[in-house]
Amino acid sequence: MLKIGIASDHRGYTLKEQLIDRLMEEYDITDCGTTSTESVDYPDYAFKLGNLVADKDVDFGIAICGTGIGISIACNKVKGIRCAKVDTLEEAIATRVDNDSNIIAFGENMPLEKALELIKTFIKTNASNEEKHVRRRQKISEYEDR
């Protein structure tokens with residue numbers, strides 16, 4: 001069973017909880033918080049999720065904040081993380097194929113059913129082994145190691 005980590009700030013809390021309820025039937029879910037709608041700082045939860053993914057304790061991550069932008073930026077500060085804020089099926093596919101992204105991010109207003117469709121597409125899409133994609137990902141990793 002695939003292991004999925006999920007994190008949100010207070011604004012993404014409701015969607016996070018709805019996603020957990022639906023995804024736990026198919027995946028082993030690790031909830032990285034937050035635990036309520038009380039105001040919190042999204043980087044705290046992004047770093048927790050990012051480290052879980054980077055350490056390979058989970059296979060993929062889901063990150064949610066008000067817009068999906070801030071939490072994705074914070075996730076990307078963790079070495080080895082490639083997080084993309086995704087709004088369409090094309091983006092979910094492209095970020096896996098081209099970038100081998102390992103965390104998908106959403107804003108709080110993403111409809112539940114659409115989020116589920118995007119997550120499942122993201123998870124099922126394999127990264128390309130085409131030389132240009134491998135080369136580009138390698139450049140990112142090399143820069144990150146500096």
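Every residue, every condition in (1) of a type outside the set (Lys, Arg); (2) out of contact with any strand residue (DSSP E or B) (no Cβ under 6 Å at 6 or more places or on another chain), yes or no:
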{"position": "Ile71", "(1), (2)": "yes, no"}
{"position": "Lys79", "(1), (2)": "no, yes"}
{"position": "Lys85", "(1), (2)": "no, no"}
{"position": "Leu89", "(1), (2)": "yes, yes"}
{"position": "Arg96", "(1), (2)": "no, yes"}
{"position": "Thr121", "(1), (2)": "yes, yes"}
{"position": "Ser128", "(1), (2)": "yes, yes"}
{"position": "Glu131", "(1), (2)": "yes, yes"}
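Give the residue, chosen from Ser36, Ser72, that is out of contact with any Ser or Thr (no Cβ under 7 Å at 6 or more places or on another chain), hydroxyl-bearing (Ser, Thr, Tyr), open to solvent by less than 70 Å² (accessible area, probe 1.4 Å) and not in a loop (DSSP other than H, G, I, E, B).
Ser72
What pairs come up if the first residue lies in segment 68-86 and is on the phi < 0 side of the Ramachandran plot, the second is modelled with pLDDT under 95, and their beta carbons are under 7 Å apart, counting only those six or more places apart or on different chains?
These pairs meet every condition: Lys79/Glu144.
Which of the residues belonging to segment 124-146 are in contact with an Asp or Glu (Cβ under 8 Å, 6 or more places away or on another chain) and within 25 Å of Ile29 (Cβ to Cβ)?
Ala127, the sole residue that qualifies.
Pairs under 8 Å by beta carbon, first residue closer than 24 Å to Ala54 by Cβ in segment 104-118, partner among the hydroxyl-bearing types (Ser, Thr, Tyr) and surrounded by 13 or more Cβ atoms within 10 Å (Cβ to Cβ), six or more apart or different chains?
Matching pairs, first to second residue: Ile104/Thr95; Ala105/Ser72; Gly107/Thr67.
Kindly indicate whether Lys77 is exposed (fewer than 14 other Cβ atoms within 10 Å of the Cβ) and at pLDDT 95 or above.
yes
If I filter segment 1-18 for residues that are basic (Lys, Arg), farther than 28 Å from Tyr143 by Cβ, part of a loop (DSSP other than H, G, I, E, B) and in contact (Cβ under 8 Å) with a residue 40 or more places away in the chain, do I get at least one hit?
Scanning segment 1-18, I find at least one residue that is basic (Lys, Arg), farther than 28 Å from Tyr143 by Cβ, part of a loop (DSSP other than H, G, I, E, B) and in contact (Cβ under 8 Å) with a residue 40 or more places away in the chain, so the answer is yes.
Right, Ala92: small (Gly, Ala, Ser), more than 21 Å from Asp9 (Cβ to Cβ), in a helix (DSSP H, G or I) and open to solvent by less than 10 Å² (accessible area, probe 1.4 Å) or not?
Yes.
The values are calculated or read from the model by the stated rules, or taken from the named source; none is laboratory data. Worth saying up front: this structure is predicted, and the values here are computed from it rather than measured. We place every Cβ from the backbone using ideal geometry, glycine too, and count neighbours over all the protein chains shown. Just so you know, the surface numbers come from the protein's heavy atoms only, side chains and all, with ligands and any DNA or RNA stripped out. Shrake-Rupley method; radii C 1.70, N 1.55, O 1.52, S 1.80 Å.
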